[in-house]
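Colleague: Input: one structure, supplied below.
The values are calculated or read from the model by the stated rules, or taken from the named source; none is laboratory data. Given the structure is predicted, the values throughout are model-derived calculations rather than measurements. Glycine gets a Cβ as well: all are built from the backbone with ideal geometry, and neighbour counts include every protein chain shown. Each accessible area value is taken on the protein alone, full model and side chains, heavy atoms only, with ligands, DNA and RNA left out. Shrake-Rupley method; radii C 1.70, N 1.55, O 1.52, S 1.80 Å.
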Amino acid sequence: MEYRDLVIIGAGPAGLAAAISAYEQGIRDILILERENFLGGILNQCVHNGFGLHTFHEELTGPEYASRYIDKLSDLKIEYMLETMVIDISEMRNVIAINEKRGVMEIQAGAIILAMGCRERPRGALNIPGSRPSGIYSAGTAQKFVNLDGYLPGREIVILGSGDIGLIMARRLTLEGVNVKMVLEILPYSSGLKRNIVQCLDDYDIPLKLSHTVTKIHGSERIEGVTVSQVDEDLMPIPGTETYVSCDALLLSVGLIPENELSRKANVTINPKTQGPIVNERLETSRPGIFACGNVLHVHDLVDYVSEEAALAGKNAADFIKNVSSEGLEVEIFAGDGVRYTVPNKVNPINVEKYLPVRFRVTKVFSQATVLVEFDNLPVHKKKKTIMTPGEMEQVFLPKSWFTERPFLRKITVRIEGDENA
Amino acid sequence: MRESQKLTCINCPMGCELEVSFTDSGEIIVSGYKCLKGLDYAKKEVMNPTRTITSSVPVVDGEMAMVSIRTDRDVPKKLIRDCMMLLKDMKVNAPISAGDIIIENICGTGVNFIATRSVRKK
């Protein structure tokens, strides 16, 4: 069995930024394990632009954003293994991985950073009645076919779900000559970014049908069409609104789920709201020395925030390896009214440097509402927001001084107050 | 006189519904915006809407089957389809370095399609 100071699982944007950050904190014995045969993860198939505005102040495509980190990684000569699958990790940070060249490897890690990313929700999660023909893909699979493999998923396409990947694919396929007939969204609003609705749908006159869903799939070998129905406020199909739409492919863009099979094997506690690990301010999970960042922790809408979060995980993993102690009591952070979840879920005030970033998502669309942060039920911060939607991650920054002024702090709550308007 | 145009502002999640109309003298009147970003956006969208085009094209003898590309500057929105037609049946030979010009001066715009990643020879 070999020993490594730091093992990072996944070489997507989170894994890369975490490795570089740990290196910059003085850790040299780093190993990144990646199951694909390239670095950069999902960014490789995200050929569209719009990445990096926060980090680099310019608009990059996915591969360009990834290369900024990949180039740095090779300058620093940080070690990685491709086509290597991690099959088990233990509470005690013992990692079992496998690849073609070396067979089964057992590695004892000083610290582990979980950076496995997320997965798309599949058809099985939706309960759509009808047959099981071919031609039904998740939007990300279609993206891989078109951008990495050079195949089109179909010629006449319906997209169910208005998540960003679905919107991006509506444009991408239209530009390749595919007839994208419509995008259906069961909710009365889209979870996609406004920019994508305008530049991917409006620009090409692709209809976005809100409060509509697929209620039946037709076809035996290959999909031939779908039944589309309008839904009521309870998201139930309204009888009599059914229309038949022919298509040879159906793409699903209905949400992402953090990929935590390995985390569960290490007995890491999972937050049912995010499907990602419960973490403290160091992004450390319930198991000491196991950290998490990026989409495995909670689904992000901007890669810039993934890189920032991963850098923090890398730094904290380095501190753990160097045995920087952190005494003191942990304070719980609660998601109050209107807040679906927060990351982190706990904070040890001693470890807060200049400020603690708390990221969260709201439960529904709020306009002219106030973000309220309470320390032991007393308001310490109020910020009015013109608009907040579940599709866009929000954040508040809690300065160190707020913690030093309140040594007996027990509980932090983030909640939304005021006028709501869906 | 040009007909009035409806737009959705893309600068923030508000997504203000903007209406742009034109006076006889050609002046632009924008309504519906809640901040100056919306006003600027509306003017640009009706005067000279532009977009970056991104795509991917097959590679011959490459380590990867496809190479991702983009325009090195924005092109007029109305030329998007013409620019995409240039990519029809297009193939490039490996090796390719990020930044390499794939097609020069597309549709007479002076804008180039460039590679956004490197692909080594197989």
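Colleague: Anything in region B:9-20 that is buried (at least 20 other Cβ atoms within 10 Å of the Cβ) and part of a strand (DSSP E or B)? List them, or say none.
Modeller: B:LEU18, B:VAL20
Colleague: Which pairs do you get when a residue that is more than 21 Å from A:MET393 (Cβ to Cβ) and touching a residue at least 12 places away in the same chain (Cβ under 8 Å), found in region A:317-337, comes within reach of a residue that is small (Gly, Ala, Ser) and open to solvent by less than 30 Å² (accessible area, probe 1.4 Å), reach meaning Cβ atoms under 6 angstrom, with the pair 6+ apart or on two chains?
Modeller: If the second residue must be small (Gly, Ala, Ser) and open to solvent by less than 30 Å² (accessible area, probe 1.4 Å), the pairs left are A:ALA317/A:ALA22; A:ALA317/A:ALA111; A:ALA318/A:ALA22; A:PHE320/A:ALA111; A:PHE320/A:GLY289; A:ILE321/A:GLY110; A:ILE321/A:ALA111.
Colleague: Still on this structure, please answer the following. Checking the structure you have, find out if any residue of region A:54-73 is within 19 Å of the chain's Cα centre (by Cα), surrounded by fewer than 24 Cβ atoms within 10 Å (Cβ to Cβ) and of a type in the set (Lys, Arg).
Modeller: no
Colleague: Of all residues in region A:271-308 being among the aliphatic types (A, V, I, L, M) and more than 17 Å from A:ILE20 (Cα to Cα), which is nearest to the chain's Cα centre (by Cα)? Let's see the steps before the verdict.
Modeller: Just the residues of region A:271-308 that are among the aliphatic types (A, V, I, L, M), to begin with: A:278-279, A:283, A:290, A:292, A:296-297, A:299, A:302-303, A:306.
Subsequent filtering for residues that are more than 17 Å from A:ILE20 (Cα to Cα) retains A:278-279, A:290, A:296-297, A:299, A:302.
Numbers: A:ILE278: 15, A:VAL279: 15, A:ILE290: 19, A:VAL296: 6, A:LEU297: 7, A:VAL299: 2, A:LEU302: 9 Å.
Residue satisfying both the conditions and the ranking: A:VAL299.
Colleague: Would you mind listing the strands (runs of 3 or more DSSP E) fully within region A:319-422 where at least 1 residues are within 14 Å of another protein chain (Cβ to nearest Cβ) and not β-branched (Val, Ile, Thr)?
Modeller: A:355-362, A:366-375, A:378-388, A:394-399
Colleague: Would a scan of region A:236-253 turn up a residue that is in contact (Cβ under 8 Å) with a residue 24 or more places away in the chain, farther than 15 Å from A:PRO133 by Cα and assigned to a loop (DSSP other than H, G, I, E, B)? Working first, answer last.
Modeller: So in region A:236-253, the residues in contact (Cβ under 8 Å) with a residue 24 or more places away in the chain come out as A:237, A:242, A:244-253.
Of the ones still in play, those that are also farther than 15 Å from A:PRO133 by Cα are A:237, A:242, A:244-245, A:253.
Now restrict to residues that are assigned to a loop (DSSP other than H, G, I, E, B): A:242, A:253.
So far as region A:236-253 goes, yes, one or more of its residues are in contact (Cβ under 8 Å) with a residue 24 or more places away in the chain, farther than 15 Å from A:PRO133 by Cα and assigned to a loop (DSSP other than H, G, I, E, B).
Colleague: Turning to a different aspect of this structure: Regarding A:ILE186, is this residue touching a residue at least 24 places away in the same chain (Cβ under 8 Å), within 16 Å of A:TYR137 (Cα to Cα) and either open to solvent by 40 Å² or more (accessible area, probe 1.4 Å) or of a type in the set (S, T, N, Q) (or both)? Steps first, answer last, please.
Modeller: Numbers: touching a residue at least 24 places away in the same chain (Cβ under 8 Å): yes; within 16 Å of A:TYR137 (Cα to Cα): no; either open to solvent by 40 Å² or more (accessible area, probe 1.4 Å) or of a type in the set (S, T, N, Q) (or both): yes.
Judged against the criteria, A:ILE186 is not a match.
Colleague: Take the residues in region A:86-121 that are surrounded by 14 or more Cβ atoms within 10 Å (Cβ to Cβ) and more than 21 Å from A:PRO288 (Cα to Cα); name whichever of them is modelled with the lowest pLDDT.
Modeller: The selected residue is A:ARG121.
Colleague: With region B:63-117 as the region, which strands (runs of 3 or more DSSP E) entirely inside it contain at least 2 residues that are facing another protein chain (nearest Cβ under 9 Å), without any contact (Cβ under 8 Å) to a residue 60 or more places away in the chain and of a type in the set (A, V, I, L, M)? Working first, answer last.
Modeller: Values: elements: B:66-71, B:101-103, B:113-115.
Of the strands (runs of 3 or more DSSP E) lying wholly inside region B:63-117, those with at least 2 residues that are facing another protein chain (nearest Cβ under 9 Å), without any contact (Cβ under 8 Å) to a residue 60 or more places away in the chain and of a type in the set (A, V, I, L, M) span B:66-71.
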